[in-house]
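The values are calculated or read from the model by the stated rules, or taken from the named source; none is laboratory data. What you see is a predicted model; the values in this text were computed from it and never measured. Cβ placement follows ideal geometry from the backbone for every residue including glycine, while neighbour counts extend to all protein chains displayed.
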Amino acid sequence: MNTDIITAIVAVRKDQDGGQAQVSVRKDDINLITWHDGNPTNITHQQILDKQVELRAEYVATQYQRDRANYSRRGGYPEIGDQLDMIYHDQVDGTTTFKDAIKAIKDAHPKP
């Protein structure tokens, strides 16, 4: 995941005061930031770099969630209609297909 500078700035500003940063960055270069709002909370380059590291770590730590949710490409959770159908048939037939299917996905993509 590439966490661009603007994404990091927006996140820092939101953390600070809930405000929306008004900023542009040329060539995703931390030295080419234009603060359209005057940088009222005095966001520093170090805060931006630290937030980029934090956002990347968060993204990596939640990869299992994206893998589980991505049914069509990676064998994640079945579509909701299919899940409901499994639950219905489990109730009618006394089977555990729904629980088995969900467990298989959680086992294939474990939470770290």
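Report yes if some residue within segment 91-105 is surrounded by 11 or more Cβ atoms within 10 Å (Cβ to Cβ) and closer than 28 Å to Asp4 by Cα; otherwise report no.
If we filter segment 91-105 for residues that are surrounded by 11 or more Cβ atoms within 10 Å (Cβ to Cβ), which is where we start, we get 95-105.
From what is left, the residues that are closer than 28 Å to Asp4 by Cα are none.
No, every residue in segment 91-105 fails to be surrounded by 11 or more Cβ atoms within 10 Å (Cβ to Cβ) and closer than 28 Å to Asp4 by Cα.
Sort out which residues of segment 19-42 are on the phi > 0 side of the Ramachandran plot and of a type in the set (Gly, Ala, Ser), and write them in order of number. Steps first, answer last, please.
Keep residues of segment 19-42 that are on the phi > 0 side of the Ramachandran plot, which gives 27-28, 38-39, 42.
Selection gives Gly38 alone.
Among the listed residues Asp50, Asp93, Asp28, Asp37, which satisfies the condition of being farther than 28 Å from Pro112 by Cα and modelled with pLDDT of 95 or more? So that I can check it myself, show each step before the final result.
Working: Asp50 fails: farther than 28 Å from Pro112 by Cα; Asp28 fails: modelled with pLDDT of 95 or more; Asp37 fails: modelled with pLDDT of 95 or more.
After applying the criteria, what remains is Asp93.
I'd like the full set of residues that are under 19 Å from Gly18 (Cα atoms) and of a type in the set (Lys, Arg), limited to segment 31-56.
Of everything in segment 31-56, just one residue is under 19 Å from Gly18 (Cα atoms) and of a type in the set (Lys, Arg), namely Lys51.
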